[in-house]
Structures are given as structure tokens and as C-alpha cells.
Amino acid sequence: MGLLSSTVSMTRYKVEGKLEQPIIENIAKRLKNNAISETDDDVSEKVVGWTSFENPFKPNFEGSSFVIGTHLIFSMRIDKKSIPSKLIKKHYTLEMAKQLIESGRQYLSRNEKKLIKEHVINVLGLRIPATPNIYDLIWNYEESSLWFFSNLKNPNEELETLFSKSFNLNLIRLFPFTMADMTMGLSDSDRDAVSKLSPTKFTE
Amino acid sequence: MLDVSVSYNRYKFIGHEFLTWLWFIIENDRDKLRNLEKDLISLDIGNRIVLENRLNDTLETITIKGDDAGLEEGLLSLKKGAVVTELNLSYKEANQEWRFTVKGESLSIANLKTPDTKPIESQEEVEGALIEKVFLYNKVVQLIDNLFFQFIKLRISNEWNKQVIQRLRDWMGS
């Protein structure tokens, strides 16, 4: 769900830490270094990287193309190959039959079967293209806040890992406790009181 | 600070209590809402409420959905000890409306529909459209932040135990 879609879902983060000057050039360099690479000719099952918001299938971070007003807008792309299990089973069965005929034996060892399966997955992996999923984000660098346009668990976990690896900055997911503790401007005694809260019993 | 995943689970109840309180405020104290948001015309319950009731080791989930759904079942569930875990809201300001769902445990925003914006007809218009969308999304983010700030200040005050809980109980039982 892109950020210009008619409906969006959003997970909010606080970005902990700052980058060295010049900020925009520094971010562009790190985006380029961690940009998505094409996987169609690769056996990798999954590849995760940054891409451009405006051109997600041809990442370009030249100049300040990802700077919109006071915000940095770009996307994370996850390219994943998923081979249907029934397809693996079909090719695995055919390959086993072929090997049995060629070897003149009646059985294959467990290790041979394992190698055949790996071979089948590798061959099919080269033939099947990866499906791209694109998740947009808006980073307000000055306010150390980031909006990620997905509430799904896996893309959020991938974002946290990729962001930390790319920028060497921590992303802290905002939820009731972290909001109260970090973004509401509460005093130390108020934050302490929040940490000591326990559930209210609404029924008598 | 506690480990993030530990604090997420340990303090989920804060978000659930926040949404329960918010429903109460929407129904009973609209002046408070107007004081919080000067441009607010209205904040209403939208077309979905999810409640959860943990009884001993069992979890009961109650979902009420539909544009004109009655909320009596929800109030009855609250009376039995449930809390609100998801709330769909309609926020109006001037002649514009935002609709969105807030999930209590994460305060994440789902199915956010902003007021209509001009369709993008050329590449040159993308930047303007993005800036406008950021502005519109920020309205909802600010609204949630303001409401949650008021709630958390109240929740850690003596007023919560001395007055608010009883007012909530009276409303649930009304």
C-alpha cells in the first residue's frame, strides 16, 4: 500500500541518533550502498533493499531526488521468490526417477535425496522470477521520526534490520509505552509513574 | 529502558485503556475534545469496534461492525470486564473527513482514508501531492498524540483512581 493510495496503514518510529554532515549526501550514499539488487538471475530466495519512491523498479538516489520539502521519502523493496511446493514435488519426483534409472539401483540414500531436492529448488529458483513488494516510508530527519506504510510484522522487522544496517541508527517502534517514555515530553517522575502502572479494574 | 518487546507486551493494557477512555470521552465529554483540538468539528466512532475480555485463561473477542451498528453490545462487554482493543474513528474538520482505525496495543494506524486530494496528472504534480498527503496524515498523527498525551497525564494522576474510573463504571452500567 503506497503512501499515495486511497487508504494507507502506518507504523510510527522514533529514529535514535544523528548522522554526520553533510546529511543528505550521507543518506544518499548509504541508500545507494544498500539499494535493492535484482534477483531474477540469482538463486537467492529473498532480497531486501532500498529503492526510489518514484521509480521503484530502477532505484536512483542521485542528487536529492528523495528529498521532498522537509521530508525524506523513499521505499523498501522485498523481492521474494516463492516456488509452489507442488512444483518442487513434481520436479523432485521426476529427478529421482531419472537418477534411479541412470544408476540402475532401486533406492537412493537419504543424502542423495537431499541433494536432489536442493538441486531442484536451485534450478526452479533460477527460472522463477521474484515477486517485488514495495513499502514506502517518510523520514523527518529533523524531528527524528519515521512513518512506515505497513502494519505487517515481517516488513516492519525487515525495515528495522535494513535501517540499522544502512544508517547505523536505531529505529524504535512507537507504541503506548515508548510514546509515553520517549516522545510525549513527560518529566522523569511522570515517566517513572508510567512504568509503575498496572491494569485498571473497570468492573466492581 | 526495558527491552522493547518486553515493554510492548507488558504495557499493552495502556493502549486498551486509552481506547476505552476515548470511547467514553466521545460519548460523554465532547467539550474536552474541542479543547484538545481547536479545529475539530467532530470525532465519532466509525464502523468498527473490537473488544477483548480475558476471563481466567480464556480470551473472548467481540467485534461490532457496520456503519449504523448499535454499540449496546460493546457497552455490555465493557460492563463484563472487556476493554477496547481496536477503534475505527471518523474525524471531521471544516468540510473534510478522515477515517481510520487505531489498534490499542501498538497505536498503529490502519485503513487511513484522508479527505480527497486532486488527482495526479503529470510527474511534476507528484511532489505537491506528496506534501499534501504528508500534511493530511500528520493531522491524524497529531490528533492521536494529543489525545494520548491527555490520557497518559490523566492515567498517572490521582484523578484517575478517585474520579475517572467511577465515571467510566457509571457509563458502562448506564
Original post:
For segment B:99-158, which residues satisfy the criterion of being farther than 30 Å from residue A:55 by Cα, touching a Gly at 6+ places or on another chain (Cβ under 9 Å) and either more than 9 Å from every other protein chain (Cβ to nearest Cβ) or among the hydrophobic types (A, V, I, L, M, F, W, C) (or both)?
Top reply: B:102, B:107, B:148, B:149
Subject >> Scan of segment A:133-160 for residues that are polar (S, T, N, Q) and over 22 Å from residue A:20 (Cβ atoms), ordered by number >> reply: A:133, A:150, A:151, A:154, A:156
**OP:** Being more than 14 Å from chain B (Cβ to nearest Cβ) and at pLDDT 90 or above narrows it down to one of A:8, A:47, so name that one.
**Re:** A:47
**OP:** State which residue is farthest from residue B:135 (Cα to Cα) when the search covers only segment A:50-86 and only residues that are outside any strand (DSSP E or B) and among the aromatic types (Phe, Trp, Tyr).
**Re:** A:57
**OP:** At least 2 residues that are modelled with pLDDT under 90 in each: list the helices (runs of 4 or more DSSP H) lying fully within segment B:1-60 that qualify.
**Re:** B:4-10, B:30-36
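For every residue, the table says whether it meets (1) touching a residue at least 12 places away in the same chain (Cβ under 8 Å); (2) surrounded by 17 or more Cβ atoms within 10 Å (Cβ to Cβ).
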residue: A:86; (1), (2): no, no
residue: A:124; (1), (2): yes, yes
residue: A:144; (1), (2): yes, yes
residue: A:179; (1), (2): no, yes
residue: A:182; (1), (2): yes, no
residue: A:195; (1), (2): yes, no
Original post:
Out of the residues in segment B:107-155 that are over 18 Å from residue A:69 (Cα atoms), surrounded by 17 or more Cβ atoms within 10 Å (Cβ to Cβ) and among the hydroxyl-bearing types (Ser, Thr, Tyr), which is farthest from the chain's Cα centre (by Cα)?
Top reply: B:114
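Yes/no per residue for (1) closer than 26 Å to residue A:180 by Cβ; (2) assigned to a strand (DSSP E or B):
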| residue | (1), (2) |
| --- | --- |
| B:88 | yes, yes |
| B:97 | no, yes |
| B:101 | yes, yes |
| B:105 | yes, no |
| B:110 | yes, yes |
| B:117 | no, no |
| B:138 | yes, no |
| B:144 | yes, no |
| B:150 | yes, no |
Subject >> Residues of segment A:149-181 classified as part of a helix (DSSP H, G or I), touching a helix residue (DSSP H, G or I) at 6+ places or on another chain (Cβ under 9 Å) and more than 8 Å from every other protein chain (Cβ to nearest Cβ), total >> reply: 2
Original post:
How do the pairs read when you match residues in segment B:43-60 that are farther than 16 Å from residue B:16 by Cβ with residues anywhere that are of a type in the set (A, V, I, L, M) and assigned to a strand (DSSP E or B), using Cβ under 6 Å and keeping only pairs 6 or more apart or on different chains?
Top reply: B:46/B:89
Subject >> segment A:126-142, subset assigned to a loop (DSSP other than H, G, I, E, B) and surrounded by 15 or more Cβ atoms within 10 Å (Cβ to Cβ), residue modelled with the highest pLDDT >> reply: A:141
**OP:** Could you list all residues from segment A:11-29 that are at pLDDT 95 or above and basic (Lys, Arg)?
**Re:** A:12, A:14
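The values are calculated or read from the model by the stated rules, or taken from the named source; none is laboratory data. Here the structure is a predicted model, which is why all the values come from computation and not from measurement. Because the Cβ atoms are built from the backbone with ideal geometry, glycine has one as well, and the counts that use them run over all protein chains shown.
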